Each structure stands twice: as structure tokens, then as C-alpha cells.
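The values are calculated or read from the model by the stated rules, or taken from the named source; none is laboratory data. The structure presented is a predicted model; accordingly, all values stated were derived computationally and were not measured. Here Cβ is always computed from backbone atoms with ideal geometry, including for glycine, and neighbour counts include all displayed protein chains. In case anyone asks, the SASA skips ligands and DNA or RNA and just uses the protein heavy atoms, side chains included. Shrake-Rupley method; radii C 1.70, N 1.55, O 1.52, S 1.80 Å.
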Amino acid sequence: MILKIPATSANLGPGFDCIGMALDLYNFVEFHELNEGMLEIIVEKEGSTELPTDHNNLLFKAYKSVFEYLNKPVMGIHLKLINNIPLSRGLGSSAAAVVGGVLVANKILGEPLTKEELLKLAVKIEGHPDNVAPALFGGIVLSGSNGDQVFYRKISPGVMLKCSVLIPDFHLSTKKARSVLPKMISLQDAIFNVGRMGLLVDALHSENYEMLNIAIEDKLHQPYRSKLIPGLDDIFKLAKELNLLGVSISGAGPTVIVFHKDGDQDKVKKLQEVFKNYNIDSNLVHLNPIEQGVVE
Ligand SMILES: Nc1ncnc2c1ncn2[C@@H]1O[C@H](COP(=O)(O)OP(=O)(O)O)[C@@H](O)[C@H]1O
Ligand SMILES: N[C@@H](CCOP(=O)(O)O)C(=O)O
């Protein structure tokens, strides 16, 4: 059997830990059962030289968590991971691994768990729902958790919502990008983000992107993370000058996601020049938001 799991872009500016969108870039997981106690992991493409192929592999840990949750012995498994989502770039590679792991276990066990139960397990491992929810359900997903419960609502991406990602040639782990965030924020900044988030959800629902460049602003995480992403502030400034629909850090970064109209590709290339001016190579990829989450 084989699973196809999408990349995701979380936060979309103000929605820190609360919103994410599935994109048409995929990891594939080929799997079959082995005798109890056996584990084989083969990694191809992204992460082939660095990802562990033993019990420390995140996808295997997520797989194992389903057996533990159901109080069942862990079944032996062969996993071939064909990865296209770059690691530690803010495109949800860890969420794709976690979703892959819980889904593989559920398939092998004859699907005892619903997608909602799998979401809960995945959130426990990933720590926040904003990537795992769209990786599971597709589309743009608003999410939150309340101890044991995870809430979510899906918004279908409008056909006119086009985006490109600028993937810089360096890693930034989510752990590091979270370590620079303050423990407390001011009421003023909270009000700023609540207002932007309302505008963002309205823009995504109504498919009216006129105010997206305002709606996508954020004061909770991006100002702190900008010191980890050279050139980011200049990119944000230039995106406004060029009248692009909106720009934000993708997930915890360092990837930058740019919303734009069809035919704005040349303007997006100008943003890539900014990274170049900071001696950072980057890969510019056009990705479409997608309706479908993980599929078999
Ligand atoms: N296909 C995969 N299989 C197993 N583990 C993975 C895979 N992809 C990512 N990971 C794990 O997730 C880590 C990257 O997670 P993180 O720092 O959150 O970045 P990202 O923004 O890509 O999710 C990797 O170092 C690795 O431990
Ligand atoms: N809300 C999280 C999202 C992390 O996404 P990733 O794709 O970088 O793993 C955060 O901003 O820390």
C-alpha cells in the first residue's frame, strides 16, 4: 500500500498555531507488514542522508503511538519513504511524517480509528494542530485544542488563490524558531492579531483577496523570527511595494509564502533577488492550495 501526504503551510501570518493550508507537494510512504519486532526503513530523496532508519524515526514513533493507544503489540513494518517535502523549511515535513505514521498503523490494523482520533494522536506528537489538520483533511483548516479535544473547521481554497514559496537554502528547525518567541505578549499585539485573523478568515471564505495584504500581518511570531531569516523584512516591504496579494513566513520558516495573482510571477522573482542580496540561494516553487488531504 502507498500513502500520498501533502506539504502544509501553517500560520498564514496571524494564525500562529491555529491555521494551515495543504499544498500540492507530496511525500509518499510505501508500506507492508513484517513479522513482530521487525523494522525496515528506506528513505529516498529529501532526508535520505540524515533521517534515522531505526526506532528514532519520527514516522515510526507516530506509527508506534497508535499501537500504544490501542494497547496492542507493535506489528513489524517495512516503510519506504519517498520524500519531496524539504526538511526544516516550514513546509510541514514533520507533520507529514506524523500523519503518515498514524495512518500506516491504522491501515495495518484494519482502520479501528476515525480520522478525528488520528488527528488527536497526531497533535499530541506534533504539539500543535495547524499542520497535521490540513495534512489529514486537505484545504485550509482552522484548528485549536482544549487539552484532550481538537476542534477544526475546513475552508475550501478559492480557485483564484495562487501561491509560490521561496525556499531558502538553509534549515531552521521548528524547535529553534519557537525558542526565540516571547512567553508573554502585550494586549496591543494580541488585539492586532485577533483583528488580522478575522480579516484573514473572511478573505479566505469570501475569496475576496483585496485586503489580504493587511489580513496577513502578524505581531506574534514573525517579528521575532525575522532575525533568523536574513532579508525577511526587506522581502515583506518589497511585496507591499509590488502590490502582491500577501506574504508571510510559511510555518516556522525559513520558507516565505507569497500569495499572488496569475501573471505576477516576475514580481515574485524580484523577492527572490532579495535573498540573493543577502547571499542566500533559494528555490522558487509555484504551489497550489489543494482540497484533498492524505490519500491512499
Ligand atoms: N519523512 C520523514 N520521516 C521521518 N522524520 C521526518 C520526516 N520528515 C521530517 N522528519 C522529522 O521532522 C524534523 C523536521 O521538523 P521541523 O523542524 O518541525 O521542520 P518542518 O518545518 O519541515 O516540519 C526532521 O528533522 C525529522 O526529525
Ligand atoms: N505553528 C507552528 C508551525 C510550524 O510549522 P513547520 O512547517 O515549520 O513545522 C510554528 O509556527 O511554530
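Side notes on the structure shown:
- Qualifying residue in the range 157-177 (condition: at pLDDT 95 or above, polar (S, T, N, Q) and more than 25 Å from residue 272 (Cβ to Cβ)): no
- Breaking point among (1) farther than 18 Å from residue 134 by Cβ; (2) without any contact (Cβ under 8 Å) to a residue 60 or more places away in the chain; (3) not basic (Lys, Arg), for residue 114: (1)
- Any hit, the range 245-258, residues being assigned to a helix (DSSP H, G or I) and within 18 Å of the chain's Cα centre (by Cα): no
- Test: residue in the range 72-93 that is basic (Lys, Arg), within 25 Å of residue 130 (Cβ to Cβ) and within 16 Å of ligand 2 (Cβ to nearest atom): yes
- Restricting attention to the range 167-220, the residues that are open to solvent by less than 60 Å² (accessible area, probe 1.4 Å), in a loop (DSSP other than H, G, I, E, B) and touching a residue at least 60 places away in the same chain (Cβ under 8 Å) total 7.
- The range 128-151 residues that are free of Cβ contacts under 8 Å to residues at least 24 places away in the same chain and farther than 18 Å from residue 202 by Cα, paired with ones that are of a type outside the set (A, V, I, L, M) and part of a helix (DSSP H, G or I) (beta carbon under 7 Å, 6 or more apart): 145/129
- Scope the range 63-86; condition under 16 Å from residue 28 (Cα atoms) and more than 8 Å from ligand 1 (Cβ to nearest atom); matching residues: 63, 77, 78, 79, 80, 82, 84
- In the range 1-60, residue farthest from ligand 1 (Cβ to nearest atom) [restricted to those that are open to solvent by less than 30 Å² (accessible area, probe 1.4 Å) and part of a loop (DSSP other than H, G, I, E, B)]: 14
- Any hit, the range 136-150, residues being part of a helix (DSSP H, G or I), modelled with pLDDT of 95 or more and either more than 16 Å from ligand 2 (Cβ to nearest atom) or under 30 Å from residue 116 (Cβ atoms) (or both): yes
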